[in-house]
1. 7 Å from Cα along Cα→Cβ at both residue 161 and residue 45: what's the point-to-point distance in nm?
2. Restricting to Cα atoms and excluding each atom paired with itself, what does the Kirkwood estimate give for the stretch 7-159 in Å?
3. Determine the per residue accessible area of the stretch 22-161 with all protein chains present and a 1.4 angstrom probe, expressed in square angstrom.
4. Between residue 17 and residue 135, how high is the FRET efficiency from 1/(1 + (r/R0)^6) when r is the Cβ-Cβ distance and R₀ = 25 Å? Nearest 0.05.
5. Starting from 0.36 nm per residue, how many nanometres of slack lie between residue 168 and residue 121 once their C-alpha separation is accounted for?
6. Below 8 Å, C-alpha to C-alpha, sequence gap of six or more: please give me the relative contact order for the stretch 14-152 in percent.
Amino acid sequence: LPSNQYGFRTKANLLYEQVLRPIAGNPARTDATNAILHSIENEVRLSPDRAVTQLMDRVTGGRPLTLENLRQLREDIRLAQNDSMMPNRNQGHLQRLEGALTEDMYQAAGPAARNLQQVDRYYRTGAARISASLARVDRSSNTSAFETMRRWAGSKAGADTRSLARVRQSMRPDDWRTVGASVIERMGTVADAEGTRFSPYQFAREFNRMT
């Protein structure tokens, strides 16, 4: 997949699709995930996290799960780790759950687990590379870095297109496409009773404020 046509995240999703499509219906167990959920159950009860409770409801609901179901659940957990509207989430819980879901996915994948592991390595390497670049913007977290870049792209106090250009120049083109897409996504993100979602109205309002 040529880097000049796709961002890192899009390339990773296409690779996952190639590997998982033929085995998406494989039955899946959630032994590793259940073990982590059990170990953090009391903490989650005291400080609920929508991403964790939704995962808990899904894997303990009694309905059979497939490998594709686990893929979607893991993607939800990955997205939750970078949710700018929920900066105080317990990242340790989310990271442990991502690892457990990954372990369960390998078990469900059977002989194709090796190919899935290769795509996972590609994803982790790219994610680490992007995180290293974002750390030059804000060392506290990727979420803070994205918010700083969104502010740099604005037209009011805090706008700084030169800094934004320097970050772009320091990154590989496909990594920058992924970061740019994430910044745009955050421009339209709102929080409501159902969690976080993309709002075209919010995006249009933020876009009109840009330089």
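1. Going from the residue 161 label point to the residue 45 one covers 5.6 nm.
2. Value: 16.9 Å, from the Cα pair sum.
3. Accessible area per residue, the stretch 22-161: 55 Å².
4. About 0.25, to the nearest 0.05.
5. 14.5 nm
6. The value is 30 percent.
The values are calculated or read from the model by the stated rules, or taken from the named source; none is laboratory data. Here the structure is a predicted model, which means the values were calculated and not measured. Reconstructed Cβ throughout: ideal geometry from the backbone, glycine too, with neighbour counts over all protein chains shown. Areas reflect the complete protein model, heavy atoms only, side chains present, ligands, DNA and RNA absent. Shrake-Rupley method; radii C 1.70, N 1.55, O 1.52, S 1.80 Å.
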